[in-house]
Amino acid sequence: MPIEAMPLNRRRVLSAMAGAIAGAAAGGASAGEAPAAAAAATPPGAAPGVFNAIATDIRTELKQLAPNVYAFTQREAPGQTNFSVSNFGCVVGPKSMLAIDAGGGPQHARNFIAAVKPFGKPFDRLVISHEHPDHIVGATQFPDGIEVVAQEETRAQMVKMRAPATPAYWKTNPAWGRPDDVNRLILPTVTYRDRMSVYYGDIQVDFVWPGPAHTSGDTLIRLPREKVLFMSDIAFFDVTPLNGSGYVADWIKVCENILRDPGVETIVPGHGPVGGKAQLDDMLNYLKLLVREGRRQYDAGVSAGRAAAELDLGHYAKWTDADRIAPNMARLYTEFAGTIGTSMDRAATTQATTEYNQLKRR
Ligand SMILES: [Zn+2]
């Protein structure tokens with residue numbers, strides 16, 4: 001089934017919007033807002049107690065996927081957290097370029113912009129895949145007045161963030177920022193609802209809303225002729241998916257539809273290396289494992305933190321940031337309970353994570 005034909009679950013989005021507590025997504029924190037109890041090094045949007053450090057050594061690669069189509073991937077050094085270390089994309093047209101996502105720190109965006117500078121074209125457009133800080137805060141580094149595109153729900157979530165704080169670690173961690181960097185929110189100037197297409201020479205680029213998945217307003221960036229799909233955080237390869245504001249039942253359906261789509265071969269995930277359907281299928285099985293075991297424990301009255309601690313992750317235990325199973329389970333429990341909102345339930349996440357950490361320490 002082509003991506004456009006996926007069933008859209010607007011009722012879910014609308015009811016979630018109505019029930020949403022005001023506040024930004026990405027774990028409930030706006031870009032730069034760190035939980036009060038956590039150390040200064042806690043990254044924006046981090047669940048308290050889960051991510052107590054950020055990467056200091058980030059390796060990058062510019063990879064050509066098709067003529068004039070590139071992925072710019074970022075990866076933390078072994079043993080460091082992948083938190084907020086995200087991927088970019090670039091489509092080069094005859095006169096200008098499209099940027100796909102903006103990165104989680106101003107330095108990430110500067111590294112991306114420097115990597116594609118040899119193509120000799122200015123950026124005329126940036127597409128934001130969703131509102132999580134690791135995909136939007138680098139937007140300040142792109143030319144003033146550039147067109148910024150997002151799905152309408154993503155823009156609505158960004159509006160709620162208002163003025164984000166500047167993370168303290170930008171001053172001390174050159175992998176993220178410089179002492180003079182100031183965090184500012186750049187709002188999308190163009191929104192769409194179901195789908196829109198833009199053209200860079202003869203390359204057609206479709207922005208597609210597949211319905212709720214990793215967030216309520218994710219954009220898939222699809223190049224039909226090149227069979228390239230930038231999935232952003234609907235896909236994580238080699239890195240544990242983060243279900244901070246996701247809808248796992250819908251997320252699974254979106255992935256299954258993409259696996260059946262003959263128009264997709266190359267997949268750029270939001271985090272991790274470029275892959276294809278085999279890698280997406282592997283990640284999908286993580287989501288299915290989460291739901292299967294989560295459902296069993298939820299029905300048995302077991303807490304989310306204990307369910308996470310008792311879950312045998314198998315080979316996913318080797319994926320970066322495997323401890324995300326705790327916030328992932330907490331969010332899934334709100335989906336089962338019918339209390340799910342567009343933003344993460346911070347109290348439930350903190351509780352699950354604390355219990356998970358206690359049980360794992362034993
Ligand atoms: Zn995300």
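Among the numbered conditions (1) within 16 Å of the ligand (Cβ to nearest atom); (2) surrounded by fewer than 16 Cβ atoms within 10 Å (Cβ to Cβ), the only one that Asp194 does not meet is (1).
Return a yes/no flag: does region 100-108 have any residue that is within 16 Å of the ligand (Cβ to nearest atom), buried (at least 20 other Cβ atoms within 10 Å of the Cβ) and among the charged types (D, E, K, R).
Scanning region 100-108 turns up at least one residue that is within 16 Å of the ligand (Cβ to nearest atom), buried (at least 20 other Cβ atoms within 10 Å of the Cβ) and among the charged types (D, E, K, R).
Restricting to region 79-93, name every residue that is touching an Asp or Glu at 6+ places or on another chain (Cβ under 9 Å) and either of a type in the set (Asp, Glu) or away from the ligand (no atom under 16 Å from the Cβ) (or both). Hits for region 79-93 are Gln80, Gly93.
Checking each residue in region 60-104 for being of a type outside the set (S, T, N, Q), assigned to a strand (DSSP E or B), touching a helix residue (DSSP H, G or I) at 6+ places or on another chain (Cβ under 8 Å) and closer than 16 Å to Ala175 by Cβ picks out Phe72, Phe88.
Residues checked against (1) within 28 Å of Glu76 (Cα to Cα); (2) at pLDDT below 95:
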site	(1), (2)
Tyr286	yes, no
Leu289	yes, no
Tyr298	no, no
Arg306	no, no
Leu332	yes, no
Phe336	no, no
Gly341	no, yes
Ala348	no, yes
Ala352	yes, no
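All told, Thr215 falls short of being surrounded by fewer than 23 Cβ atoms within 10 Å (Cβ to Cβ) and closer than 19 Å to Leu126 by Cβ. For region 142-159, the set of residues classified as buried (at least 22 other Cβ atoms within 10 Å of the Cβ) and either within 15 Å of the ligand (Cβ to nearest atom) or not in a strand (DSSP E or B) (or both) consists of Ala150, Gln151, Glu153, Thr154, Gln157, Met158, listed by residue number.
The values are calculated or read from the model by the stated rules, or taken from the named source; none is laboratory data. Computed from a predicted structure; not experimentally measured. Heads up, the Cβs are rebuilt from the backbone with ideal geometry, glycines too, and the neighbour counts pull from every protein chain shown.
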